[in-house]
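As structure tokens, the structure follows; a few thoughts come after it.
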Amino acid sequence: MGRSWQPPYIHHRYCLRHIAANYYQKYKNEDERLMLLRMGHSHYVNEVEELLEEIRVRNPEGHGYLLKIPREKWLRSFDGGHRYGHMTTNLAEAINSSLKGVRHLPITSVVKATYYQLATLFATLGKQAVDWMAGGHIMHPDLRTKLQLFVSHSNSMNATCFSREQHLFRVPEYSRPLEGIQQNAYVVDLRQRTCQCEVFQTFKYPCSHAIATAASVRIPYMDFVDPVYLLQTVFKVYEHEFPPIGNECDPDIVDDEPTIRPNPALRRDPVGRPTSSRIYCAEDMVQHQEKTGQPKLCSRCRNPGQNIRRSIMGLLEVGEGQGHQGAREGAVRAHIMRQFKFLLQHSPRTNISQLPYSQLLTQEAMISPITSPCVGNASVAT
């Protein structure tokens, strides 16, 4: 890569969600995955060190795996404010989702789809930024709402100056402002634009402590908002407009090239419910269980911890199609062992000597009549 793709122009970072997914896929521990996410989103170095030490005690191999990843690539507390608090690559994933519907088409169709979608996106978001600026807005409405909340919190804070240049302050935070009970105190540096709560330097807009400090020295807190949040900066991103493409067939040019047409077999079926082409990973299964409170079930046999490719009914169908008794019994027993491992992973406190063994015996008793030798089937696969 050229120098323009290196610091200080661009700082490369990793997606925290992908790191957590890779860790869970490798070690299959939900508690450690949640601890990893807490480390990534934490603002404080001490909290990160404590969580790392806890993972080292629980899983030394996983601790070594995390130490191989540069800390500034995925930890917010070591980032230095270069990623403005963004811990995931949602922007890149949005582009991937827009190209998912045309990825099977020829390259010319992919380029056209990308061009048309960008033209529509730039026109829509550019008009939105112009309308907001015409309405008197300076920044995004969501950020304005958040700063107003910080202003309301800063009304109960008093900043004490500790420097002649009036840039270093101590701001106490009261849990009960009317009773004067102090909870925490933070040091704010207006010159360096930092606060001990780490919000000021991470997101590049003032926290409630910085707003209270700016009010004490009669400085508008809007002066400490990074220009990247201003609507004028946002409009510069979408200022360019893509010219529309008219008739592509020019009668003066004779095209001797063969016409490329898409494969009609790859088109989506217009009848019925659209089939999702998303590839689910292990973390998606865990997040589904966290949101709904229920594990994700197989669409065929309705059992947790498996999918249609590893379903017991699918294995039996494959075995019957092949007509091979040994292959079918081996597939069924492999499926039982997967269920046994799933039960151990997700229910570590279960009495192994009672529940799993009885389940295995029950499943084998139910499966044995199905996997009995086929007398009428003379063709045996080799």
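Evaluate the following for residue 43: is it in contact with a Lys or Arg (Cβ under 9 Å, 6 or more places away or on another chain), of a type outside the set (A, V, I, L, M, F, W, C) and in a loop (DSSP other than H, G, I, E, B)? Break it down stepwise before answering.
Numbers: in contact with a Lys or Arg (Cβ under 9 Å, 6 or more places away or on another chain): yes; of a type outside the set (A, V, I, L, M, F, W, C): yes; in a loop (DSSP other than H, G, I, E, B): yes.
Yes; evaluated as a whole, the condition is true for this residue.
If I filter the stretch 15-24 for residues that are within 17 Å of the chain's Cα centre (by Cα), under 24 Å from residue 199 (Cβ atoms) and small (Gly, Ala, Ser), do I get at least one hit? Lay out the reasoning, then the answer.
Within the stretch 15-24, the first condition is being within 17 Å of the chain's Cα centre (by Cα), and the residues that meet it are 15-24.
Subsequent filtering for residues that are under 24 Å from residue 199 (Cβ atoms) retains 15-17, 19-20.
When the remaining residues are screened for being small (Gly, Ala, Ser), the result is 20.
For the stretch 15-24, residues within 17 Å of the chain's Cα centre (by Cα), under 24 Å from residue 199 (Cβ atoms) and small (Gly, Ala, Ser): present.
Any residue in the stretch 94-104 that is in a loop (DSSP other than H, G, I, E, B) and not assigned by TED's automatic domain parsing to the domain that holds residue 23?
Residues of the stretch 94-104 in a loop (DSSP other than H, G, I, E, B): 103-104.
This time we only want the ones that are not assigned by TED's automatic domain parsing to the domain that holds residue 23, so: 103-104.
Yes: the stretch 94-104 contains one or more residues that are in a loop (DSSP other than H, G, I, E, B) and not assigned by TED's automatic domain parsing to the domain that holds residue 23.
Would you be able to say whether some residue in the stretch 112-120 is at positive phi and under 24 Å from the mean Cα position of the chain (by Cα)?
no
Can you pull out the residues in the stretch 15-38 that are surrounded by fewer than 17 Cβ atoms within 10 Å (Cβ to Cβ) and outside any helix (DSSP H, G or I)?
Of everything in the stretch 15-38, just one residue is surrounded by fewer than 17 Cβ atoms within 10 Å (Cβ to Cβ) and outside any helix (DSSP H, G or I), namely 28.
What are the residues in the stretch 105-119 that are assigned to a helix (DSSP H, G or I) and either hydroxyl-bearing (Ser, Thr, Tyr) or modelled with pLDDT under 80 (or both), if any?
108, 109, 114, 115, 116
Considering only the stretch 39-52, I want to know if a residue exists there that is over 30 Å from residue 9 (Cβ atoms), crowded, with 16+ Cβ neighbours inside 10 Å and either assigned by TED's automatic domain parsing to the domain that holds residue 23 or modelled with pLDDT of 95 or more (or both). Spell out the reasoning first.
So the first thing to find is which residues in the stretch 39-52 are over 30 Å from residue 9 (Cβ atoms), and the list is 46-47, 49-52.
Among the residues that remain, those that are also crowded, with 16+ Cβ neighbours inside 10 Å are: 51-52.
Of the ones still in play, those that are also either assigned by TED's automatic domain parsing to the domain that holds residue 23 or modelled with pLDDT of 95 or more (or both) are 51-52.
For the stretch 39-52, residues over 30 Å from residue 9 (Cβ atoms), crowded, with 16+ Cβ neighbours inside 10 Å and either assigned by TED's automatic domain parsing to the domain that holds residue 23 or modelled with pLDDT of 95 or more (or both): present.
Out of all the residues in the stretch 172-184, is one or more farther than 30 Å from residue 133 by Cβ and either crowded, with 19+ Cβ neighbours inside 10 Å or hydrophobic (A, V, I, L, M, F, W, C) (or both)? Quick ask: steps written out before the conclusion?
Restricting attention to the stretch 172-184, the residues satisfying the condition of being farther than 30 Å from residue 133 by Cβ are 172-184.
Of the ones still in play, those that are also either crowded, with 19+ Cβ neighbours inside 10 Å or hydrophobic (A, V, I, L, M, F, W, C) (or both) are 178, 181.
The answer is yes, given that some residue of the stretch 172-184 is farther than 30 Å from residue 133 by Cβ and either crowded, with 19+ Cβ neighbours inside 10 Å or hydrophobic (A, V, I, L, M, F, W, C) (or both).
Report, by residue number, each residue of the stretch 106-160 that is touching a Leu at 6+ places or on another chain (Cβ under 8 Å) and among the hydrophobic types (A, V, I, L, M, F, W, C). So that I can check it myself, show each step before the final result.
Taking the stretch 106-160 first, the residues touching a Leu at 6+ places or on another chain (Cβ under 8 Å) are 110, 113-114, 129, 132-133, 137-140.
If the condition is that a residue be touching a Leu at 6+ places or on another chain (Cβ under 8 Å) and among the hydrophobic types (A, V, I, L, M, F, W, C), then 110, 113, 129, 132, 133, 138, 139 are the ones that fit.
The values are calculated or read from the model by the stated rules, or taken from the named source; none is laboratory data. Not measured: the values here are computed from a predicted model. Positions of Cβ are generated from backbone atoms using ideal geometry, with glycine treated the same way; all protein chains shown enter the neighbour counts.
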